[in-house]
């Protein structure tokens, strides 16, 4: 099994607040891996450490064998990160935003044009890409940002709550794009969500996070069978002793 | 009556008053800043007057007649007069006398003064209309502030008083300014001072607006990235993080520069409307008097402004890193406005050299004083003061830029606020759970 991400005893403190407590995890190449848990569980913090935004207090994180602290600049070349509720630059058009982002990962004008063209298709926004992003609805903006995160075919896409706050249609579109990209372009995806039902359908494997600790890990079907539950929500409730 | 108004108003007041940023920025800072400015101003006025009184009045008597003795006796009633007899005045001698008597101005009673006074005293109305006894006034002009014209107006008051005792309009005063060590006949230092004052307040105001405006732009720009969560995306891109900082600073400088240019054009027009109102007889050509900066002076002024601007922007970036949104960033920036306003307002009116040592050090220590000090120094050709100021501000800028670059290179750009929360919890055991 090729390892894309490896968390080794990852701990993160903010002052006296322990956000992550000795996390150990392995994510395989071309896998869609979901970190799920309630608000405040530490999902975003874990994703931020993997994406080189935050430094681990102790432990280590490796992305395709690169250390996120020592080799941060190299890690940034192979990942894209989509923050939760991220925005785009309000006074740029959707097209300009995609061009701006594409230029960081490629040099040639033709290549930029190709990437942006493909991203434009992913967004499904058509002519609206010529409008400034401040005129976009939340769903349109999220489609634009997901396209940005996937357009340069990163080895690892880190997506924080990719469908958060979206209606059924937009959420369906985003999930469809993620699945398609993994199959077609050898992309590994690490995503977080508090929507356990959604993750159940999207992810190959999941880790249940509670109060900064992994409380269960495995394929959704395996977890449901192990805990005798109808869905991951019930699994989580049983694991943390709510049910 | 508006239903719910009272309840809503109470909520609003609670929210506003409990916000420490508003309390500090809008209430405490003005309460400290303006009284402080008042103290500086009144002290400066007092010290200028004391200095003038202490220095006394130097009189060069080249006449030696009865009337010269009379007028010296009259002047002695209000000031301690030192008399130097029969001295031919040229640039060198004038400067030597000023230095010897620690004075900034003196009067010359020219030869023939007593004869003219006698003619005036004995003459009929026709003679009185044509004959006048003239005193020569020489004052040093250094462009140092609003109290520089004190000597000229003191002499005017004294001669007015003398004329009232003797005969109306008997004595006239011909004024000359000593500019950069050279006597400029017919130039009243008081009028020159007023004219230069109108122009010299332009620079502090421009600098004040340029700095505050560009700091707002830089802080808003960083805070907007945080508020819109675009900063997180930027920080994970394969780009040099220093490039983000430099991009922010350059963008802010560019926009602020355009703003400053537009402002200076408008302000120049505004100032022009004042100078055209000065009577034609007192119009002065500042270029021929050497009171405009040289090309080198302009270069120094440009460098001084640039480094001060760069440090202000880097400081704004650092401060805005502690804000979570645009509103907080703008409030936080307000904390450093006194560092811009105090030197700007103070140096608009005062000569830094007459301030007490502690205040002088304070003004020199504030980096944003230096473009203003430089703007005056280059006019009078004091390039050393300008250069030393530039060296100091550059050193400060390097420190601030280094701090800003470190901030961008680490996770602090995202977690600065979180760490504050952490500090408040110091002493407690680690708690688990964080999103």
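Counting 0.36 nm for each residue step from residue B:255 to residue B:180 and taking away their Cα separation leaves a gain of 23.2 nm.
Relative contact order for chain A: what percent, with Cα pairs under 8 Å and sequence separation of 6 or more?
26
Distance distribution P(r), region A:48-138, all Cα-Cα pairs, bin width 10 angstrom from 0: 15, 36, 30, 17, 2 percent. Taking every residue in A:93-106 and counting other chain Cβ atoms within 10 Å of its Cβ, the average works out to 1. With each label modelled as a point 7 angstrom along the Cα→C-beta vector, the residue B:10-residue A:113 pair spans 6.7 nm. In plain terms, the bigger the Kirkwood radius, the slower the diffusion; for region B:302-345, with that radius from Cα pairs, at 10 °C and 1.306 mPa s, Stokes-Einstein puts D at 142 µm²/s.
Modelled this way, with points 7 Å down the Cα-to-C-beta line, the labels at residue B:17 and residue B:410 are 3.9 nm from one another. For region A:1-109, the relative contact order comes to 24 percent (Cα pairs under 8 Å, sequence separation of at least 6).
Can you give me the relative contact order of region A:110-194 as a percent, contacts being Cα pairs under 8 Å and 6 or more apart? Intermediate values should be presented prior to the final figure.
Numbers: 79 pairs, mean separation 25.9, N = 85.
Once divided by the residue count of region A:110-194, the mean separation gives 30 percent.
Mean partner shielding of peptide A:7-13, defined as the number of other chain Cβ atoms within 10 Å of each residue Cβ, is 1.
Average partner chain C-beta neighbours within 10 Å, per residue of B:236-242? The partial results should precede the final answer.
Working: counts 14, 9, 11, 5, 1, 3, 0.
For peptide B:236-242, the averaged partner shielding equals 6.
Rounded to the nearest whole Å³, what is the per residue volume of the convex hull around the Cα atoms of the protein assembly as shown?
Details: hull volume 162.4 nm³, N = 678.
Convex hull volume per residue, Cα atoms: 240 Å³.
Which whole-angstrom value gives the distance between the alpha carbon centres of region A:21-51 and region A:105-143? After rounding, the separation between the Cα centres reads 28 Å.
From a point 7 Å beyond the Cα of residue B:70 in the direction of its Cβ, which residues of region B:86-127 have a backbone N at a distance under 14 Å? The answer is B:113-123, whose backbone nitrogens lie closer than 14 Å to the label point. Antiparallel versus total DSSP beta bridges in region A:3-239: what percent is that, nearest 5? Bridges in region A:3-239 that DSSP calls antiparallel: roughly 55 percent.
For chain A, count the residues as N, evaluate 2.2 N^0.38 Å, and divide the Cα radius of gyration by that value, please.
Numbers: Rg = 17.9 Å, N = 243, 2.2 N^0.38 = 17.7 Å.
For chain A, the normalised Cα radius of gyration is 1.01.
Output the antiparallel fraction of DSSP beta bridges having both residues in the protein assembly as shown, as a percent to the nearest 5. In the protein assembly as shown, DSSP labels about 45 percent of beta bridges as antiparallel.
Can you give the FRET efficiency to the nearest 0.05 for residue B:213 and residue B:265, using r as the Cβ-Cβ distance and R₀ = 22 Å?
Details: r = 15 Å, r/R0 = 0.69.
Using R0 = 22 Å, I get an efficiency of 0.90.
Can you give the FRET efficiency to the nearest 0.05 for residue B:122 and residue B:82, using r as the Cβ-Cβ distance and R₀ = 35 Å? Before the final figure, lay out the partial values.
Details: r = 31 Å, r/R0 = 0.89.
The formula returns an efficiency of 0.65 here.
For region A:70-90, backbone nitrogen atoms closer than 19 Å to the point 7 Å from residue A:137 Cα along Cα-to-C-beta are found at A:85-88. Residue ranges B:10-18, B:159-167, B:231-239 sort as B:231-239, B:159-167, B:10-18 when ordered by packing (mean number of other C-beta atoms within 10 Å per residue, highest first).
Using R0 = 22 Å, the C-beta based FRET efficiency linking residue A:179 and residue A:130 works out to 0.20. Restricting the calculation to Cα atoms, region A:127-183 shows an Rg/Rh of 0.96 when the hydrodynamic-style radius is the Kirkwood one. In chain A, the longest principal axis of the Cα atoms and the axis of helix A:109-123 are about 60 degrees apart. Extending 7 Å from Cα along the Cβ direction at residue B:384 and again at residue A:85 yields two label points whose distance is 6.0 nm. Pairwise Cα distances in region A:1-88 exceed 19 Å for 38 percent of all pairs.
None of the figures in this text is laboratory data; all of them are computed from the coordinates on show. Remember, it's a predicted structure, so these values are computed and weren't measured experimentally. Counting neighbours? That spans all protein chains shown, and the Cβs are built from the backbone with ideal geometry, glycine included.
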